[in-house]
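This report concerns only the one structure given below.
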Amino acid sequence: LQENVLQRVLQLPVVSSTCETLQRKYSSTKESHPLMASVCEVYERGVQGAGALAMWGMEPVVRRLEPQFAVANNLACRGLDHLEEKIPALQYPVDK
């Protein structure tokens, strides 16, 4: 099973704790402000629809470029290995 650099980055404690904090703030804001919640929901549906359309349109290109993506992913994983080794703070949540 090949490593995925995006999944690895999202699993770094500094990144995952930041995402969790942002998600909590976003949810809290939506709960506190009903008007903001309705605007956010419209935006979320639009982003989901646009994302699905973009993926459908990009699928043939992605299939053709799959070998290049694999090489780029491997290089990025090696770069991430180096960063994790040189910057220990990546292994800690934001509050630490």
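The values are calculated or read from the model by the stated rules, or taken from the named source; none is laboratory data. Computed from a predicted model, the values in this text were never measured in an experiment. Using ideal geometry, Cβ is built from the backbone for each residue, glycine included, and neighbour counts are taken over all protein chains shown. Keep in mind that these areas ignore ligands, DNA and RNA; they rest on the heavy atoms of the full protein, side chains included. Shrake-Rupley method; radii C 1.70, N 1.55, O 1.52, S 1.80 Å.
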*Excluding ligands, DNA and RNA, what is the solvent-accessible area per residue of the chain at a probe of 1.4 Å, expressed in Å²?*
81 Å²
*Check Glu3: other-chain or 5+ apart residues with amide H under 5 Å from its amide H, H built from backbone geometry?*
none
*asked:* So I have [x] 1.44; [y] 1.11; [z] 1.18, and one of them is Cα Rg over 2.2 N^0.38 Å calculated from this model. Which one is it?
replied: [x]
*How much accessible surface area, in Å² rounded to 10, belongs to the heavy atoms of Val9 with a 1.4 Å probe?*
50 Å²
*With θ set to phi - 60°, apply the Karplus curve 6.51 cos²θ - 1.76 cosθ + 1.60 along segment 35-43 and write out the HN-Hα couplings as whole Hz, x wherever there is a Gly or Pro.*
5, 4, 4, 5, 5, 4, 5, 5, 4
*For the chain, with only Lys/Arg (+1) and Asp/Glu (-1) charged at the beta-carbon, what is the dipole magnitude about the Cα centre, in debye rounded to 20?*
120 debye
*Computed [θ] at 222 nm, helices only, for the chain once each DSSP H run of length n ≥ 4 contributes -39500 (n - 2.57)*: -28500 deg cm²/dmol
*Carbon and sulfur atoms: what percent of the 1.4 Å accessible area of segment 44-89 do they account for?*
68 percent
_Candidate residues Lys86, Lys96, Lys30: accessible-area rank, largest first, probe 1.4 Å_ = Lys96, Lys86, Lys30
*Hey, what do the phi angles of segment 83-96 turn into as Karplus ³J(HN,Hα) couplings, whole Hz, using 6.51/-1.76/1.60 and θ = phi - 60°, x for Gly and Pro?*
4, 4, 6, 8, 10, x, 4, 5, 8, 10, x, 4, 5, 9
*If amide H atoms are built 1.01 Å from N in the plane of the peptide, which residues on other chains or at least 5 residues away come under 5 Å of the amide H of Val94?*
Ser17, Thr18
